[in-house]
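Peer 1: Below you'll find the structure I mean.
The values are calculated or read from the model by the stated rules, or taken from the named source; none is laboratory data. Here the structure is a predicted model, which is why all the values come from computation and not from measurement. Here the Cβ is made from the backbone with ideal geometry for all residues, glycine too, and neighbour counts use every protein chain on show.
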Amino acid sequence: MKIINNIKFISIAVFGLLLYSCDFDNGTDLNGPSVDAIANNPSRGDIASLAAGVQSDMRVRLGTYLDDCGVVGREYWRFASSDPRFTADLLGSGSSVLDNNTFYTTAPWGARYRTVKSTNILIAAAANATTAGFSPAELSSINGFAKTIQAYELLMNLNLQFQNGIRVDVSDINNLGAFLGYPESLTAIKALLDGGAADLTNGGSKFPFKLSDGFNGFDTPANFKKFNRALAARVALYQGDKTNALSALSESFFDLNGSMTGGVYYVFANSGNDIANPVFNALNSSTAGARIVQPSFITDAELGDLRLNKVVQRDAPLTLDGLTGNYDAWVFTSNDAPIPIIRNEELILIYAEANIGTNLVQSLAAINKVRNIAGLTPYAGATDNASLLNEVLHERRYSLYAEGHRWIDMRRTGKLAQLPLDRPGDDVWEQFPRPLTEN
Amino acid sequence: MKTKLFIKRAFLFFLFMIPLGLLAQTAKGRIIDTKGNAIPFATIVEKGTSNGTTADDNGNFNLKVSKLPTTLDISSLGYVSKSVTTTTGEETITLQEENVGLDEVVLSGLASNVKRANLANTVATVSSKDLVGATPPQTLDGALAGKFTGAVVSSNSGAPGGGLSIKLRGVTSINSNSQPLYIIDGIYLDNSSIAGGLNVVSAAAAGGSASNQDNPSNRIADINPDDIENIEILKGASAAAIYGSRAAAGVIIITTKKGKAGDTKVDVSQSFGFNEVINLQGTRPFTEASVLQFFGAGNVALFNAAKASGQLHDYEKELYGEKGFITNTNVGISGGNEKTTFYTGFTHNDEDGIVKNTGFVKSSARINIDHKINDFIKVSITSNYITSKADRGFFNNDNTGTTIGVSLVGTPPWAQLFPDANGVYPNNPFGASNPLQTRDLVTNNEKVNRFITGGSADISIYRDDHSDLKAIVKTGLDYYTFATRAIFPKDLQFESVNGGDNGVSVQGTTENKNTSYSAFLVHNYRTDNNVNYKTQAGLTKETFSRNSILSTAKDLIGSETNLDQAGSLQVEQTRLDQKDAGFFAQEEVNFKDQFIATLGIRGDKSTNNGDANEVFYYPKTSLALNLHNFDFWKFDKISQFKVRAAYGESGNFAPNGALYTSFGSTTIGGAGLGITLNGVLGDLNIKPEQQKEFETGFDLGLMSNKVNLSFTWYKKQVDDLILNASTEPSSGFTSKFVNAGKLQNTGVEIGLNIEAFDTKDFKWNSSVNFWTNDSKITRLDIPAFNLGAFGATLGTFRIEQGKSATQIVGISETGLKVHGDAEADFQMSFNNNLVYKDFELSFLWHWKQGGDNVNLSTLLFDLNGTTHDFDAKGLDPSGTLTNGPYRTSRLGVSADVFVQDASYLRLREVGLSYNIPKVKLERWFGKSISGAKLGFSGHNLINIFKYNSYDPEVSNFGSNGISTGVEVLPFPSSKRFMFHLTANF
């Protein structure tokens, strides 16, 4: 009997032990901080982390965006032996079309909106920062920064979508704003930039977070505002609003006599968590990964144009999918080379274009400034509006080569039909389809 | 010894049992089998009492009984139990060996066994002989293919070290786990696949598909098949409900060998062999004209020069044409006495792959001890240590032209890629990497050190005439460290300073620990009319923890590979910590072996759910009617006719990360460390998937069970299917997990086993299996969406209401169209075992008919102009284009050329062995060897398929998820030829 009792006792004890050890704590994500925790009452460190994240996120899928613009705009061909869609879909070979559910459409779209969401979280977090002790000027500077970046990210998606339009008000995930048409989207982006500029004016003397090395010279609210106005000038140009373009330029870092390279950049690095330049290819790369110059870039150039340094002749021509090219694109010469967001050379050319029809002297001054730096003689062609526009487009083509402008410029001036076709059956697309997952 | 034991027993019985009066009479005798040999340790029990004994080494027994005449129940494992009425008290009793294991015991609850004859589910059993009898397998899960119905066992590639998926009864889930739960001797085993971080070089998950394409192995490859006694497969919730939330995709229960009392037996086996590739694709038969047309004039000169000097190379043969040497050594020792028995096994496997620098080495040591402390407490311990190392090469998809497969397709035969006299490899002018250099210099290594141990105690608390109660306590531990090492030295063409990372060293370490504890009570109650009630109830608790650190170092110093000898270092850490707890209860009623019904319920909770203390309930019920045992049964020829039905429910957790909306980290120079959204919107309230399965069928046995037919129909429904709903990307999130659908699998499983001949000289046992499965999405609350693979242009999977869950859709001239289905039409297997005197032949054919793959390997060959059938005609319906140009012309127009039929007929295993007759052995070796066998065998020797690539069994995306069967230039699969020698001492 004793033995049974002992055994019964032991069994009960064992069961009891298992029972008592049975109340669980809710699990948490062990592998990252949660959005709610940060947006509801951020610390100074949280705001700094969010802002740094926004700047880093701006670079995500930048390579896909630049390739989309560069390939469709016939600046270069993107050879990739392991992905045929770069030379098939993007160039419209045969009966290929742009697919609304493939990475070249969906990846940049999703990446830019992820940054937009982060800027909205930043704005909401700033509004909810009760215990961090931000001054009104600091809060204003945070808003100015967030709105400017948000406007820029939306503009990049609009550039790919064109007449399909974009959503602009996306802060509430359960109530996303409607799609706005192309002109309305530009208007909304302009409004965001203007709102950001106003915030930056009240933003005090410094940001409560660090800016990346790409913002060197633009890392105070007052200087950052110049970047904001530069973007506004670009948007005004796209709207065809020359007056606003000129007034925005005057508040930006535009300097007719300044360096061509001054401006704001995406920066890259080889170290650790950081990412490398996504559009860099070594010279003489194989079909596995190469950016080969579309031949008309060389044949259409003026003799002695120093901007032809942006392309380098290969040791041997490279062929893929019926395209043969002899020159590598060599704008970005190392895998940590920065990529411009907006720089003075573009501002000078905006100034040139905005003055067409109103101030011939200034327009020519700007054009010739660029030509001079490029080792060319001053412009001596016709000076009617149409010819001047063609000249500005020509300079933009060479000055801003491979920076994602050519396709947009030819499209907004109605000249897509002039872009060269390499193979019978190829097409020049006007825009990318709206991603399948947008209802 | 024997008398002492008996006195002890008698003493105990006297204490606890209702006194049976004076035990005045004796029953004694001998138990033998049909050949006249003794059956040692057979059990003899006085019917209707618990008064019993065991026979000794020679089958002799001596039992004190209450009266004579009396009836004795004799039983022994492997023999048909028998009741003998004795008047004199002296008997020689002969027991028949069992046929086809009807009395075989099968696990039916977490703590109990039931005879197969009484089982209401169709539980597949794979015995040790089925598993390793014909040929030594490479991994345990690979050895299961074609051996039981209701499963798709598919290997992901031919890389040494494994990497397989087992899908029981179709697709169990889209996003959550769809691999079965593995339990070995009561210990929950970890079966993860942990990626080695190769993506940093291959960039596979960059161009449109974000998932793990590193081709890791899975951890079941660590288990040694030679240690296994048998494997039971519970295919769905109707059998596995008792295991709760982790059993939705079925449970595979592995039992390892235990010792047998008696003389110590030593079994030694050694096998040697080699492997070679199954199906090389071949190279395109180039001519000057075809070279000029595709590659241009420059290459024509190179082609002619190479041809003239005999330097045209078949690089595919160079890469995949090795014959890898295989050796397996196995020693098993078992023995013991009536109180303690032990089994120990040592194994060493070493195999080279068909590609240089690949291979798999594994060593395993096991010890299992069972010990009877006294008559009512029995303890057992199982303990296994495994260490293994696999070199898997660098294959599969990439976006950088660096994997060996992708680099090969771009390399025409006139490329000169061999190293010179100093061992310097030329750069490959046709691609980003020199595949020979990559093969020789890149390391992709996985190392495992694993310790699996468990203990259990069986305590008999109470025993009398009609009932007994026992408690079972089990604990288990599965601990391993898994280290991956992927080194890409800077000498490689693609790592050179200008274009590459200047050397990459990716090292990962994972430490994983699973523990499990359970305690049950089992109570049996027998009435006098032979109605048996078995009740069991218990509690279980499991913990799972993992810490995975993956470090990627770039810009290495010289030829160093340590992580600190590098210019840049990036670290990723992932942790997992889960606890589950649950209870279960089950009641089984057995009415005279005629009618067996069970009813059970499992409840469990887990920290994997949003509310960690919410309990989810999973009931089960089943009924088996053994019509042949009923009184009205008059058909003598039909020895068994059982009708059965079973129903059960189980659950499946949301995938890791579905609950939370979190930030990841990111860096940009100057601004420092930032936080970034990872694009997935979490939901704390997400519910686990709920599976309900119903199965029914019958088992028919004819001619005293020489012919057995088993038929089952099942329907498996998964509700609250967790789907990765695309959110509109403009929200900032591209996806979120929601409970938004219902998936159904129905199918039929038929098994026919015939013991055609069973004479002294010739035995032939044959079984034929046939099984089908059809899946359907019966409800979908979100819009239909594509997932897996690489997009509709190339063929992708699509989840759509009313359609098969595994349909493959793609673009076509008329819009999005269904091009195929990954599910097979049916599968059949044909397993035979023939014995003629001393020779034994076994072979297993496996036929899978239907089921499509998305084959992108051929496309990549075509785009580079190197496909073997580029210039052949036959694909173009209009007859104008040859195959290569035709396929590329379809790119962007229709995905039909990429969706290909993956049917196959394989001779999975064949083995011929010769048992050296005892007479010869005695003459040569005296009495020291009791048996010896030598034989030849092979694995996958004959493979018949129309599929236009290396092997239709392939998966670029690994084991889990729906997009298995997509291929992008994998490590080719191989066949094995083995010679083995076994000796028993």
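Peer 1: Go through segment B:253-271 and give me each residue that's out of contact with any helix residue (DSSP H, G or I) (no Cβ under 8 Å at 6 or more places or on another chain), over 19 Å from B:D604 (Cβ atoms) and of a type outside the set (G, A, S).
Peer 2: Those that are out of contact with any helix residue (DSSP H, G or I) (no Cβ under 8 Å at 6 or more places or on another chain), over 19 Å from B:D604 (Cβ atoms) and of a type outside the set (G, A, S): B:I254, B:T255, B:K258, B:K260, B:D263, B:T264, B:K265, B:V266, B:D267, B:V268, B:Q270.
Peer 1: I'd like the full set of residues that are in contact with a Phe, Trp or Tyr (Cβ under 7 Å, 6 or more places away or on another chain), facing another protein chain (nearest Cβ under 7 Å) and not polar (S, T, N, Q), limited to segment B:643-680.
Peer 2: Within segment B:643-680, B:I675, B:L677, B:G679 meet the criteria.
Peer 1: Would you be able to tell me the number of residues in segment B:628-662 that are of a type in the set (D, E) and closer than 30 Å to B:N724 by Cα?
Peer 2: Pass one, segment B:628-662, residues of a type in the set (D, E): B:631, B:636, B:649.
Applying the additional criterion that residues be closer than 30 Å to B:N724 by Cα yields B:649.
Selection size over segment B:628-662: 1.
Peer 1: Scan segment A:287-308 residue by residue and report those that are within 18 Å of A:P420 (Cα to Cα) and within 14 Å of another protein chain (Cβ to nearest Cβ).
Peer 2: Across segment A:287-308, the qualifying residue is only A:R291.
Peer 1: For a quick check of your reading of the model, give me the residue pairs whose first member lies in segment B:724-746 and is more than 14 Å from chain A (Cβ to nearest Cβ) and in a strand (DSSP E or B), whose second is surrounded by fewer than 22 Cβ atoms within 10 Å (Cβ to Cβ) and basic (K, R), with beta-carbon atoms closer than 7 Å and at least 6 apart or on different chains.
Peer 2: Qualifying pairs under 7 Å: B:N739/B:K687; B:G741/B:R779; B:K742/B:R779; B:Q744/B:K715; B:Q744/B:K776; B:T746/B:K715.
Peer 1: May I ask you to verify whether B:I242 is buried (at least 24 other Cβ atoms within 10 Å of the Cβ), of a type in the set (A, V, I, L, M, F, W, C) and in a strand (DSSP E or B)? Before you say what the answer is, go through the steps one by one.
Peer 2: Values: buried (at least 24 other Cβ atoms within 10 Å of the Cβ): yes; of a type in the set (A, V, I, L, M, F, W, C): yes; in a strand (DSSP E or B): no.
No: the conditions fail for B:I242.
Peer 1: I'd like the full set of residues that are closer than 16 Å to B:K776 by Cβ, crowded, with 24+ Cβ neighbours inside 10 Å and not β-branched (V, I, T), limited to segment B:803-819.
Peer 2: Passing the criteria: only B:A805.
Peer 1: Suppose we filter A:S49, A:S82 for residues that are modelled with pLDDT under 85 and buried (at least 23 other Cβ atoms within 10 Å of the Cβ); which single one remains?
Peer 2: The unique qualifying residue is A:S82.
Peer 1: Anything in segment A:345-360 that is buried (at least 24 other Cβ atoms within 10 Å of the Cβ) and of a type in the set (S, T, Y)? List them, or say none.
Peer 2: Listed by number, the list holds a single entry, A:Y351.
Peer 1: Considering every residue within segment B:839-857, establish whether at least one is assigned to a helix (DSSP H, G or I), within 14 Å of chain A (Cβ to nearest Cβ) and modelled with pLDDT of 90 or more. Don't jump to the end; show me each part of the working.
Peer 2: Going through segment B:839-857, the residues assigned to a helix (DSSP H, G or I) turn out to be B:857.
Among the residues that remain, those that are also within 14 Å of chain A (Cβ to nearest Cβ) are: B:857.
Adding the requirement that they be modelled with pLDDT of 90 or more leaves B:857.
So far as segment B:839-857 goes, yes, one or more of its residues are assigned to a helix (DSSP H, G or I), within 14 Å of chain A (Cβ to nearest Cβ) and modelled with pLDDT of 90 or more.
Peer 1: Among the residues that make up segment A:251-261, is at least one of them within 14 Å of chain B (Cβ to nearest Cβ) and of a type in the set (D, E, K, R)?
Peer 2: Step one: list which residues in segment A:251-261 are within 14 Å of chain B (Cβ to nearest Cβ), which gives none.
No, segment A:251-261 contains no residue that is within 14 Å of chain B (Cβ to nearest Cβ) and of a type in the set (D, E, K, R).
Peer 1: Take segment A:83-125 and flag every residue that is touching a Pro at 6+ places or on another chain (Cβ under 8 Å), at the interface with chain B (Cβ under 7 Å from one of its Cβ atoms) and assigned to a loop (DSSP other than H, G, I, E, B).
Peer 2: Answer for segment A:83-125, where residues must be touching a Pro at 6+ places or on another chain (Cβ under 8 Å), at the interface with chain B (Cβ under 7 Å from one of its Cβ atoms) and assigned to a loop (DSSP other than H, G, I, E, B): A:D99, A:N101.
Peer 1: Please identify the pairs in which a residue from segment B:51-64 that is closer than 17 Å to B:T85 by Cα has its Cβ atom under 7 Å from the Cβ atom of a residue that is modelled with pLDDT of 80 or more and not in a strand (DSSP E or B), counting only partners at least 6 apart or on another chain.
Peer 2: Within 7 Å, the pairs are B:F61/B:A55.
Peer 1: Name the residue that is nearest to B:L280 (Cα to Cα), counting only residues in segment B:872-907 that are touching a helix residue (DSSP H, G or I) at 6+ places or on another chain (Cβ under 6 Å) and more than 14 Å from every other protein chain (Cβ to nearest Cβ).
Peer 2: Among those that are touching a helix residue (DSSP H, G or I) at 6+ places or on another chain (Cβ under 6 Å) and more than 14 Å from every other protein chain (Cβ to nearest Cβ), it is B:A872.
Peer 1: Would you pick out the residues in segment B:43-81 that are of a type in the set (D, E, K, R) and either within 11 Å of B:I31 (Cα to Cα) or in contact with a Cys (Cβ under 8 Å, 6 or more places away or on another chain) (or both)?
Peer 2: Taking segment B:43-81 first, the residues of a type in the set (D, E, K, R) are B:46-47, B:56-57, B:64, B:67, B:73.
Passing the criteria: B:D56, B:D57.
Okay, residues lined up against (1) of a type in the set (F, W, Y); (2) over 27 Å from the mean Cα position of the chain (by Cα); (3) surrounded by fewer than 24 Cβ atoms within 10 Å (Cβ to Cβ):
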| residue | (1), (2), (3) |
| --- | --- |
| B:A203 | no, yes, yes |
| B:G273 | no, no, yes |
| B:P285 | no, yes, yes |
| B:F303 | yes, yes, yes |
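Peer 1: Report, by residue number, each residue of segment A:37-82 that is among the hydroxyl-bearing types (S, T, Y) and part of a strand (DSSP E or B).
Peer 2: Passing the criteria: only A:Y76.
Peer 1: Related question: When residues of segment B:939-979 are filtered for being assigned to a strand (DSSP E or B) and out of contact with any Ser or Thr (no Cβ under 6 Å at 6 or more places or on another chain), how many remain?
Peer 2: Count: 11.
Peer 1: When B:N832 is evaluated against the numbered criteria (1) within 14 Å of chain A (Cβ to nearest Cβ); (2) in contact (Cβ under 8 Å) with a residue 40 or more places away in the chain, which criterion, by number, is the only one it fails?
Peer 2: B:N832 satisfies every listed condition except (1).
Peer 1: Mind listing whichever residues of segment B:363-378 are surrounded by fewer than 18 Cβ atoms within 10 Å (Cβ to Cβ) and either under 14 Å from B:K257 (Cα atoms) or at pLDDT 95 or above (or both)?
Peer 2: In the first step, residues of segment B:363-378 are kept if they are surrounded by fewer than 18 Cβ atoms within 10 Å (Cβ to Cβ); the result is B:363, B:365, B:367, B:371-375, B:377.
Within segment B:363-378, B:S363, B:A365, B:I367 meet the criteria.
Peer 1: Could you grab me the full set of residues in segment B:388-399 that are surrounded by fewer than 24 Cβ atoms within 10 Å (Cβ to Cβ) and within 13 Å of another protein chain (Cβ to nearest Cβ)?
Peer 2: B:N399
Peer 1: If I go through segment B:418-429 residue by residue, how many of them are touching a residue at least 60 places away in the same chain (Cβ under 8 Å) and within 13 Å of another protein chain (Cβ to nearest Cβ)?
Peer 2: Matching residues across segment B:418-429 total 2.
Peer 1: I would also like to ask the following. Under the condition of being away from chain B (no Cβ under 12 Å) and among the acidic types (D, E), which residue from segment A:26-82 is farthest from A:P108 (Cα to Cα)?
Peer 2: Ranking the qualifying residues of segment A:26-82, first place goes to A:E75.
Peer 1: Select from segment A:263-278 the residues that are closer than 28 Å to B:F430 by Cβ and out of contact with any Phe, Trp or Tyr (no Cβ under 6 Å at 6 or more places or on another chain) and write down the one among them that is modelled with the highest pLDDT.
Peer 2: To start, the set of residues in segment A:263-278 that are closer than 28 Å to B:F430 by Cβ comprises A:270, A:276-278.
Filter once more, so that each one left must be out of contact with any Phe, Trp or Tyr (no Cβ under 6 Å at 6 or more places or on another chain): A:270, A:278.
On the way: A:N270: 81, A:P278: 94.
Looking at residues that are closer than 28 Å to B:F430 by Cβ and out of contact with any Phe, Trp or Tyr (no Cβ under 6 Å at 6 or more places or on another chain), I get A:P278.
Peer 1: Checking the conditions here, which among B:F663, B:F698, B:F641, B:F694 is of a type outside the set (S, T, N, Q), crowded, with 22+ Cβ neighbours inside 10 Å and part of a strand (DSSP E or B)? Write out each step before concluding.
Peer 2: Details: B:F698 fails: crowded, with 22+ Cβ neighbours inside 10 Å; B:F641 fails: crowded, with 22+ Cβ neighbours inside 10 Å; B:F694 fails: crowded, with 22+ Cβ neighbours inside 10 Å.
On inspection, the qualifying residue turns out to be B:F663.
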